[in-house]
1. Enter the mean projected area of the convex hull around the alpha-carbon atoms of the chain, in nm², rounded to one decimal.
2. Using 0.36 nm per residue of separation minus the Cα-Cα distance, give me the extension gain between Lys244 and Thr273 in nm, one decimal.
3. How about region 64-116: which GluC sites (Glu not before Pro) there are in a DSSP loop, with at most 16 other Cβ atoms within 10 Å of their Cβ?
4. Any number yet on Rg/Rh for region 261-317, C-alpha, Kirkwood?
5. Could you sort 362-368, 45-51, 198-204 so that the peptide with the highest average Cβ count within 10 Å comes first and the rest follow in order?
6. Across every pair of different alpha-carbon atoms, what Kirkwood hydrodynamic radius in Å does region 221-420 reach?
7. From largest to smallest, what semi-axes in whole angstrom does region 375-418 give when each is the square root of 5 times an eigenvalue of its alpha carbon gyration tensor?
8. Which peptide among 293-301, 261-269 comes first, and what is the full order, when sorted by highest mean count of other Cβ atoms within 10 Å?
Amino acid sequence: MYWSLSDTSSCLCWKFECHRHGIRQLRTGWADGPAYVTQCPIRGGQSYTYRFTVTDQRGTLLWHAHYAWQRASVYGALIIYPRIPYPFSRPISAEIPIVFGEWWNGDPDEVEKRMMLTGAGPNSSDAYTMNGLPGPLYPCSNQARPYLTSVFPFNNSTTIGFFRYKNAKTRTGKPPVDLSSLKLHNLPAMEDNAFATKFSDKIKSLASPQYPCNVPQTIDKRVITTISLNLQDCPENKTCSGYKGKSFFASMNNQSFVRPSISILESYYKNLTTKSFSADFPEKPPNSFDYTGGDPLTQNMNTEFGTKLIVVPYGTNVEIVLQDTSFLNLENHPIHVHGHNFFIVGSGFGNFNEAKDPKRYNLVDPPERNTVAVPGGGWAAIRIKADNPGVWFIHCHLEQHTSWGLATGFIVQNGQGPSQSMLPPPQDLPPC
Ligand SMILES: [Cu+2]
């Protein structure tokens, strides 16, 4: 991909990074892309070539910008075809990738900056898109309205697209589609959790000899972490525009992730004395309470800020239990892990029970993913074989939640010999 900046904007103030979402980047964390985690931004006038080999992977993935909110308009599909036959019984004669997006009429980086400055929620997007197009239901005034159960603004508008068949007979003289007559068939209502759960529970690995499911059967480490929205007390000399005059933040185990000013990977690899991170991410929630059933406001607590990561030796089988909380409101957080696929071995509503729930895990054919939609008001357990040395971001893929700090990272140390060790940084890695 060649990213070009117009003459007027090609100043050093322009920053950009690109991430291939789901590509494992084996030993090549330098090409992973998240800002200040694996590299510093590419600035106007600079160039950086992401070099990596795709090994033993296939699927429909995504590439997108990974600096500030540039992902809002810089993204696309990335499809890796299997070298072995498709596991479908019927032949595929056409493929049409559909990429969903959101559109702001203003600069999305400004939306983020304003949100962080005021402590309020971000402006809702002006439209949803399919393959970059908003569809015929726009333009109209911003249809966003407050979500009934939420303290956040929510874009409640609808985008639609049409399939047009090639070589189909067209009836002339007919008016274009009457939008008011459109019926959306069999679609679940918004917040129909039962429907969504039933659907996602059906997703399994093939677990066949050709497409095996290599889920770790035993674990070396279990990390249990809350994923929360927080209401932070407003500093005395400031005005905050979040709920009740406070500021919105988000956290994992009450730690709000702060992106440092130099890349964590660089600081780790070069063993810099001034480290941009620490290796002490809490492996259990700091306080245990009724995570999903309590009072969302009185139980809500101030979060702590830092750059705390999990560090594991090469080859560790890690289990991470992601526990939603009812702080502010229950949320379905899509948690994305860089550098590794993982298996979703269990999920449920309410609070994770360490004594009982692991007994019900699916260790036979759980889905293998790079992102898990943790049930709102519930939990999900994922298992990762940490076999890719480097520094890997873990974060909620809702852009504002990442900005608010719903993130951490994990470091996989080098193992034995070159095949289990990170490659050195490329010559053109952007300087910090
Ligand atoms: Cu989230």
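FYI, it's all coordinate maths here, none of it is from the lab. Bear in mind the structure is a predicted one, so any value in this text is a computation, not a measurement. Note: ideal-geometry Cβ built from the backbone for every residue, glycine included; neighbour counts use all protein chains shown.
1. 25.2 nm²
2. Here the segment from Lys244 to Thr273 would lengthen by 6.3 nm.
3. Glu95
4. Ratio of gyration radius to Kirkwood radius for region 261-317: 1.12.
5. Sorting 362-368, 45-51, 198-204 by mean packing, highest first, produces 362-368, 45-51, 198-204.
6. Across region 221-420, the inverse of the average 1/r is 17.5 Å.
7. Each semi-axis is √(5λ); the values are 27, 15, 6 Å.
8. Put in order of decreasing packing, that is 261-269, 293-301.
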